[in-house]
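K.L.:
Provided herewith is a single structure, encoded as structure tokens, for subsequent inquiry.
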Amino acid sequence: MYEFLLATAVAAERDALQRHADGLTVIVTGAGPAAAATGAAWVLASEPYKLAVSVGIGGGFAPRAPLGSVVVSTRVVAADLGADSPEGFLPIEELGFAPHVEQPDEPWAERIGTALGEAGLHVVTGAVLTVATVTGTAERTAELLARHPDAAAEGMEGYGVATAATMAELPFVEIRAISNVVGPRDRESWRIGEAMDVLATVGETLAALQAPGVA
Ligand SMILES: O=C(O)c1cccc(C(=O)CC[C@H]2O[C@@H](n3cnc4c(=O)[nH]cnc43)[C@H](O)[C@@H]2O)c1
């Protein structure tokens, strides 16, 4: 039995997670929910794991999740899956054809959040929104927060990995190291290096947690 399967979008995230950690299985899927779902499903179909983790850098909703914090998901949402209309966005759930996707596993999320806090990270819990387009305006940020007041972070892969984990009947958690504030696009303000350092601590912590007999 393998332990955790970690799915990242890019190689730099994988390298950060493995910086101080031996024995962590990390796949690089490419960015976006489709690549993440396909990559995770491919691996989960042939190898047994006990937990699937979507992990990487992400945008934080202010003031809940500041730069340098790490968000552990309580909920994953496909925030732009639905239909546009003159009355505004209609979520897939309201349209009545949402796929069944299991939510993050509460006991695992709690255990991981506690361990990350003990490792010295600023841990925030809340919903993590999965989007196909990175938010880049104040209007879009306000719209997302109005629909999801519990939103703490935004990424592009979580819902995809959750879909694959659901099909494999595996528990799932999403973790986002906050590299930028969700809002008007300002590339200069992104703190990717710092978020990668946070991911290094996340990798160390997950490696310790997955050790046989620990959890
Ligand atoms: O625009 C750029 O110059 C740029 C440079 C580096 C990375 C990006 C990304 O858009 C990375 C997307 C990648 O990282 C996650 N991510 C990070 N922040 C956010 C966000 O605010 N909203 C959504 N996704 C974010 C995402 O999961 C992707 O894998 C751009």
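K.L.:
From the list THR201, THR114, THR163, which residue is closer than 19 Å to ALA12 by Cβ, among the polar types (S, T, N, Q) and in a helix (DSSP H, G or I)?
P.N.:
THR201
K.L.:
Tell me, please, whether a residue that is surrounded by 19 or more Cβ atoms within 10 Å (Cβ to Cβ) and more than 14 Å from the ligand (Cβ to nearest atom) can be found in the range 8-23.
P.N.:
Within the range 8-23, the subset surrounded by 19 or more Cβ atoms within 10 Å (Cβ to Cβ) is 8-9, 13-14, 16-18, 21.
Those still in the list that are more than 14 Å from the ligand (Cβ to nearest atom) too: 18, 21.
Yes.
K.L.:
With within 16 Å of the ligand (Cβ to nearest atom) and in contact with a strand residue (DSSP E or B) (Cβ under 9 Å, 6 or more places away or on another chain) as the only criterion, which of ALA37, ALA83, ALA65 stands out? So that I can check it myself, show each step before the final result.
P.N.:
Working: ALA37 fails: in contact with a strand residue (DSSP E or B) (Cβ under 9 Å, 6 or more places away or on another chain); ALA83 fails: within 16 Å of the ligand (Cβ to nearest atom).
Matching residue, one of ALA37, ALA83, ALA65: ALA65.
K.L.:
Can you tell me which condition LEU5 does not meet? The list is (1) more than 16 Å from the ligand (Cβ to nearest atom); (2) under 16 Å from the mean Cα position of the chain (by Cα); (3) surrounded by fewer than 22 Cβ atoms within 10 Å (Cβ to Cβ), and all the others hold.
P.N.:
Of the numbered conditions (1) more than 16 Å from the ligand (Cβ to nearest atom); (2) under 16 Å from the mean Cα position of the chain (by Cα); (3) surrounded by fewer than 22 Cβ atoms within 10 Å (Cβ to Cβ), the odd one out for LEU5 is (3).
K.L.:
Follow-up. Quick one: in the range 117-134, of everything that is within 14 Å of the ligand (Cβ to nearest atom) and within 20 Å of GLU13 (Cα to Cα), which residue is nearest to the chain's Cα centre (by Cα)?
P.N.:
The residue in question is VAL128.
K.L.:
Over 15 Å from GLY59 (Cα atoms) and surrounded by 19 or more Cβ atoms within 10 Å (Cβ to Cβ) - does that describe any residue in the range 182-191?
P.N.:
no
K.L.:
Do we find a residue being away from the ligand (no atom under 11 Å from the Cβ), part of a helix (DSSP H, G or I), among the aliphatic types (A, V, I, L, M) and in contact (Cβ under 8 Å) with a residue 60 or more places away in the chain anywhere in the range 174-186?
P.N.:
no
K.L.:
Quick check on this structure: which one of VAL76, VAL70 is hydrophobic (A, V, I, L, M, F, W, C), within 22 Å of VAL10 (Cα to Cα) and touching a Pro at 6+ places or on another chain (Cβ under 7 Å)?
P.N.:
Of VAL76, VAL70, the one residue that is hydrophobic (A, V, I, L, M, F, W, C), within 22 Å of VAL10 (Cα to Cα) and touching a Pro at 6+ places or on another chain (Cβ under 7 Å) is VAL76.
K.L.:
Return the total of residues in the range 117-131 being loosely packed, with under 14 Cβ neighbours inside 10 Å and not in a helix (DSSP H, G or I). Reasoning before the result, please.
P.N.:
Restricting attention to the range 117-131, the residues satisfying the condition of being loosely packed, with under 14 Cβ neighbours inside 10 Å are 118, 120.
Now narrow it down to the ones that are not in a helix (DSSP H, G or I): 120.
Qualifying residue count for the region: 1.
K.L.:
Restricting to the range 156-173, and then to whatever is within 14 Å of the ligand (Cβ to nearest atom) and aliphatic (A, V, I, L, M), can you tell me which residue is farthest from TRP42 (Cα to Cα)?
P.N.:
My answer is MET156.
K.L.:
Continuing with the same structure: I'd like to know if the range 40-50 contains one or more residues that are modelled with pLDDT of 95 or more, surrounded by 17 or more Cβ atoms within 10 Å (Cβ to Cβ), outside any loop (DSSP other than H, G, I, E, B) and within 14 Å of the ligand (Cβ to nearest atom).
P.N.:
Yes, because at least one residue in the range 40-50 is modelled with pLDDT of 95 or more, surrounded by 17 or more Cβ atoms within 10 Å (Cβ to Cβ), outside any loop (DSSP other than H, G, I, E, B) and within 14 Å of the ligand (Cβ to nearest atom).
K.L.:
Determine if the range 79-89 includes at least one residue that is without any contact (Cβ under 8 Å) to a residue 24 or more places away in the chain and of a type in the set (A, V, I, L, M).
P.N.:
There is at least one residue in the range 79-89 that is without any contact (Cβ under 8 Å) to a residue 24 or more places away in the chain and of a type in the set (A, V, I, L, M).
K.L.:
Let me ask something additional. Could you go through the range 135-155 and let me know if any residue there is in a loop (DSSP other than H, G, I, E, B), within 14 Å of the chain's Cα centre (by Cα), crowded, with 19+ Cβ neighbours inside 10 Å and within 15 Å of the ligand (Cβ to nearest atom). Steps first, please.
P.N.:
The initial filter retains those residues of the range 135-155 that are in a loop (DSSP other than H, G, I, E, B), namely 135-137, 148-150.
In the following step, the residues that additionally are within 14 Å of the chain's Cα centre (by Cα) were identified as none.
Checking the range 135-155: not a single residue is in a loop (DSSP other than H, G, I, E, B), within 14 Å of the chain's Cα centre (by Cα), crowded, with 19+ Cβ neighbours inside 10 Å and within 15 Å of the ligand (Cβ to nearest atom).
The values are calculated or read from the model by the stated rules, or taken from the named source; none is laboratory data. Because the structure is predicted, anything quoted here is derived from the model rather than measured. Backbone-built Cβ (ideal geometry, glycine too); neighbour counts: all protein chains shown.
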